[in-house]
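The values are calculated or read from the model by the stated rules, or taken from the named source; none is laboratory data. Quantities reported herein were computed from a predicted structural model and do not represent experimental measurements. Reconstructed Cβ throughout: ideal geometry from the backbone, glycine too, with neighbour counts over all protein chains shown. Surface accessibility is based on the protein's heavy atoms, side chains included, excluding ligands, DNA and RNA. Shrake-Rupley method; radii C 1.70, N 1.55, O 1.52, S 1.80 Å.
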Amino acid sequence: MAIGFVGCLGAIKENKCLLLTFFLLLLLVFLLEATIAILFFAYTDKIDRYAQQDLKKGLHLYGTQGNVGLTNAWSIIQTDFRCCGVSNYTDWFEVYNATRVPDSCCLEFSESCGLHAPGTWWKAPCYETVKVWLQENLLAVGIFGLCTALVQILGLTFAMTMYCQVVKADTYCA
């Protein structure tokens, strides 16, 4: 938003410094996004392992005070994707130090259903289930990324064009 404000102000005032600053900041953001995308695809396996480890650590914050967002996120994911835990439902055993899971893991939701037998819980691992869903929707994610890149490239092009026009106008007027 701040970068966009610099660009708008530079365009309205036809200020060379603001236009060039906008161009350079937008270029920096674009290059950082491209670098992150390249690194993501280069290190997918490592990112996979770290993500699973971090999610398992995050399970221990489920239901704790001040972590309502995390608790709700896990409940929604487990309910909507019909899965339980990161790798499987046994991930919750070390969180609760007992053979139980959150109620959002139950095949049929009822109060304290997570205390019943494992046959009443979802068996699918949430990490793999969500990963498969993302891969199935990769086209939409890719199109979104390409549209974002296109808008940034257009912003870079228009900023530099306007900068050059302001410089040219200053040269002729001086």
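Please list the helices of the chain that count as membrane-span-like by this rule: a mean Kyte-Doolittle hydropathy of at least -0.5 together with Cα atoms stretching 20 Å or more along the helix axis, each helix being a complete DSSP H run.
Details: long enough: 16-42 (38 Å, 2.52); 44-59 (22 Å, -1.39); 138-173 (52 Å, 1.44).
Passing helices, by number: 16-42, 138-173.
Taking only C-alpha pairs under 8 Å that are 6+ residues apart, what is the relative contact order of the chain in percent? Mind dumping the intermediate values first?
Working: 162 pairs, mean separation 43.2, N = 174.
The value is 25 percent.
Given H placed on each backbone N at 1.01 Å, which residues far from Trp121 in sequence or on other chains put an amide H within less than 5 Å of it?
So Trp121 has HN proximity to Leu107.
Probe radius 1.4 Å, ligands and nucleic acids ignored: give me the carbon and sulfur share of the accessible area of the stretch 1-173 as a rounded percent.
68
According to the square roots a ≥ b ≥ c of the eigenvalues of the Cα gyration tensor, what is the shape class of the stretch 44-86, taking rounded for a/c under 1.5, prolate for a/b larger than b/c otherwise, and oblate for the remainder?
Cα axes put the stretch 44-86 in the oblate bin.
Treating only the Cβ of Lys, Arg, Asp and Glu as charged (+1, +1, -1, -1), what charge dipole size does the chain show about its Cα centre? Round to the nearest 20 debye.
Using only the charged Cβ atoms, the result is roughly 420 debye.
Once the dipole of the chain is set up with Lys and Arg at +1 and Asp and Glu at -1 on Cβ about the Cα centre, which of Phe41, Asn15, Ser104 lies farthest towards its positive end?
Asn15
Can you tell me the accessible area per residue over the chain, all protein chains present, probe 1.4 angstrom, in square angstrom? Each step should come with its number before you reach the end.
Numbers: 11730 Å² over 174 residues.
Here the residues of the chain average 67 Å² of exposed surface.
Work through the residues other than Gln165 whose Cβ is under 11 Å from its Cβ and net out their charges, Lys, Arg +1 and Asp, Glu -1.
Working: positive: Lys16, Lys168; negative: Glu14, Asp170.
Taking every other residue near Gln165 into account, the sum is 0.
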